[in-house]
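Chemist: This is the structure I have questions about; it appears just below.
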């Protein structure tokens with residue numbers, strides 16, 4: 001899983 | 001993915017479809033700010049730099065491509081398409097939007113999650129999106145009566161980020177380590193900028209009258 005700042009939102 | 005975010009993305013998509021419909025159906029961009037469309041194109045290009053390097057999901061990649069392609073297509077229509085270009089009123093669309101670009105980029109240099117190229121451009125796109133609607137709102141105030149499709153476009157565009165705020169609240173409550181202050185604060189500012197538009201939009205809907213923003 002990517003770290004907390006992963007940009008999974010548009 | 002939660003219902004608020006999905007509703008937000010669908011509302012955002014709907015706003016773009018309504019604008020495309022207006023331009024295609026009326027072959028006119030009267031009442032539409034080219035500058036806001038240009039700012040949104042910059043927002044998507046700056047935010048989705050990781051389009052090819054960071055795969056999240058098919059949905060995520062698909063929507064990013066739709067947003068980039070549609071925003072560029074709209075700017076192209078208003079700048080190049082002979083019929084639409086003629087209806088663009090540059091004397092009304094006078095907001096100095098390059099100042100918004102400069103201010104957002106400057107802020108992103110100081111306020112970001114990590115000092116990396118992608119993170120700075122991401123923060124820049126978040127700040128720029130918060131103020132990107134300003135040229136459009138100024139133009140609506142100047143152009144007096146607003147045609148229905150343009151009014152609906154602005155309404156859905158404002159509503160989508162409001163739904164994202166519900167998404168952030170939901171994620172904050174359900175995900176232990178969820179923090180996204182830059183997007184949250186910026187999203188609240190962005191939605192607040194629509195406050196007076198939402199008010200006059202509601203009044204026009206209630207009285208079934210033409211949407212009119214006071215000058």
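Chemist: Which one of these is in contact (Cβ under 8 Å) with a residue 12 or more places away in the chain, loosely packed, with under 14 Cβ neighbours inside 10 Å and more than 14 Å from the chain's Cα centre (by Cα): B:51, B:6, B:21?
Modeler: One residue alone meets the criteria, B:21.
Chemist: Still on this structure, I have one more. Let me confirm something: among B:145, B:207, which residue is over 14 Å from residue B:8 (Cα atoms), free of Cβ contacts under 8 Å to residues at least 60 places away in the same chain and more than 14 Å from chain A (Cβ to nearest Cβ)?
Modeler: From the options B:145, B:207, the qualifying one is B:207.
Chemist: Is segment B:152-159 home to any residue that is within 14 Å of another protein chain (Cβ to nearest Cβ) and crowded, with 19+ Cβ neighbours inside 10 Å?
Modeler: yes
Chemist: Can I ask one more? Quick one: how many residues across segment B:51-65 are touching a helix residue (DSSP H, G or I) at 6+ places or on another chain (Cβ under 7 Å) and part of a helix (DSSP H, G or I)?
Modeler: At the first step, the residues of segment B:51-65 found to be touching a helix residue (DSSP H, G or I) at 6+ places or on another chain (Cβ under 7 Å) are B:51, B:55, B:63.
Within this subset, residues satisfying the condition of being part of a helix (DSSP H, G or I) are B:63.
Summing the residues that are touching a helix residue (DSSP H, G or I) at 6+ places or on another chain (Cβ under 7 Å) and part of a helix (DSSP H, G or I) in segment B:51-65 gives 1.
Chemist: How many residues does segment B:24-44 hold that are closer than 23 Å to residue B:127 by Cα, part of a helix (DSSP H, G or I) and in contact (Cβ under 8 Å) with a residue 40 or more places away in the chain?
Modeler: Going through segment B:24-44 one residue at a time, the tally reaches 10.
Chemist: Restricting the search to segment B:118-142, which residues are within 14 Å of another protein chain (Cβ to nearest Cβ) and touching a residue at least 12 places away in the same chain (Cβ under 8 Å)? Give the derivation first.
Modeler: Residues of segment B:118-142 that are within 14 Å of another protein chain (Cβ to nearest Cβ), as a first pass: B:118-126, B:129.
Residues satisfying the conditions are B:118, B:120, B:121, B:122, B:123, B:124, B:125, B:126, B:129.
Chemist: Suppose we filter segment B:24-48 for residues that are surrounded by fewer than 21 Cβ atoms within 10 Å (Cβ to Cβ) and on the phi > 0 side of the Ramachandran plot; how many remain?
Modeler: Selection size over segment B:24-48: 1.
Each reported figure results from applying straightforward, stated rules to the coordinates on display, with no laboratory input. Fair warning: this is a prediction, and the values are worked out from it, not measured in the lab. Glycine also receives a Cβ, built like all others from the backbone with ideal geometry; neighbour counts cover every protein chain displayed.
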